[in-house]
Structures are given as structure tokens and as C-alpha cells.
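Rule-based calculations on the coordinates, nothing more; no lab input. None of these values were measured; they are calculated from a predicted model. A quick note on method: Cβ atoms are made from the backbone with ideal geometry, for glycine too, and the neighbour counts reach across all protein chains shown.
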Amino acid sequence: MRKMLIVAAVVAAAAQVSAQSGGASLTLTTKPSPLGLGQNLFEVTVRDAKGQLVTNADVGIILLMPADPKTKHPEMKTVGKLNNVGKGTYNGIVMVTMAGEWEVTITATRDGKSIGLKKERLTAYLTRPKPPASGGK
């Protein structure tokens with residue numbers, strides 16, 4: 001009984017995410033990864049509910065760093081549209097002006113209707129972290 005409840009909750013959560021996103025899946029990658037200060041390439045691949053590449057979408061991006069009342073730092077926000085580079089891929093250069101946590105929202109629309117939404121938190125670093133040591137293997 002308990003396993004069925006867990007499965008039902010997972011299925012319900014997946015259905016809710018699919019409904020929120022309009023059925024399309026958005027895959028985000030950045031270069032560099034992790035983000036650094038200055039110019040960063042944001043690239044999004046858009047696939048419909050059947051996994052087919054969506055080649056005729058409008059893809060927008062919002063980067064938001066909320067205000068911090070403790071340090072009196074104001075909200076920082078960048079809004080833009082990514083370029084359609086073909087085969088379901090959309091990209092653009094975004095300036096990251098401060099190290100820290102950024103809330104990234106990607107939206108995909110077609111004919112003025114939402115087909116997908118992705119929200120992610122990314123950390124921008126002043127200097128890129130070094131990869132972990134391989135341990136001599």
C-alpha cells in the first residue's frame with residue numbers, strides 16, 4: 001500500500017510539472033559551466049511531449065538575483081530572447097555581472113502560447129572552481 005502511495009505521488013508530481021511546462025521539455029546548458037563573471041553562453045534544446053525537436057519556438061530567458069536587505073544590494077535582472085540556431089536549439093550570450101546565486105527562468109512559446117517552462121538556480125563564480133582531484137587513478 002505504501003509503495004502505491006509513493007508511486008501515485010511521483011506520477012502526480014510528474015503530471016503537475018508537465019502541465020506547468022506546457023508539455024515541452026527544455027534542456028539548459030551553459031558555457032562556461034559553472035557560470036563565471038562576464039559573458040556566458042546559454043543554450044536551450046526544446047523538445048515536444050513526444051520527444052521531437054521544436055524548431056519554431058520563441059525562447060526567452062530571465063536571470064534574477066533577488067535583493068538582499070542585509071547588504072542593501074538591489075535586485076539584479078536580465079531579460080532576453082535566445083536565437084534560433086536550428087534543430088531545436090536556441091542560444092545567446094548573457095552577461096553575468098555578479099558572483100552568487102541566480103534564478104534562471106526559460107520560457108518557450110509558439111504562436112503566442114506557452115509550450116514550456118524551466119526554472120533553475122545557478123551559481124556564478126568570481127573564479128571557476130577547480131575540478132576535484134582524480135585520486136591517482
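Details
- Each residue of the range 76-90 was assigned a 3J(HN,Hα) from its phi angle through the Karplus curve 6.51 cos²θ - 1.76 cosθ + 1.60 (θ = phi - 60°); the sequence is 10, 8, 10, 10, x, 10, 8, 7, 7, 9, x, 6, x, 10, 9 Hz, with glycine and proline shown as x.
- 31 Å Cα-Cα threshold exceeded, pairs from 72/119; 72/113; 70/113: 72/113; 70/113
- Using R0 = 22 Å, the C-beta based FRET efficiency linking residue 99 and residue 119 works out to 0.60.
- Overall, the range 22-125 carries a charge dipole of about 140 debye about its Cα centre when +1 sits on the Cβ of Lys and Arg and -1 on the Cβ of Asp and Glu, all other atoms neutral.
- Surface/4 estimate of mean projected area, convex hull on alpha-carbon atoms of the range 22-125, nm²: 6.6
- Each Lys or Arg adds one and each Asp or Glu subtracts one; over the other residues with Cβ under 9 Å from the Cβ of residue 66, this totals -4.
- Full extension of the chain between residue 73 and residue 37 yields a length gain of 11.2 nm, computed as 0.36 nm times the residue separation minus the alpha carbon distance.
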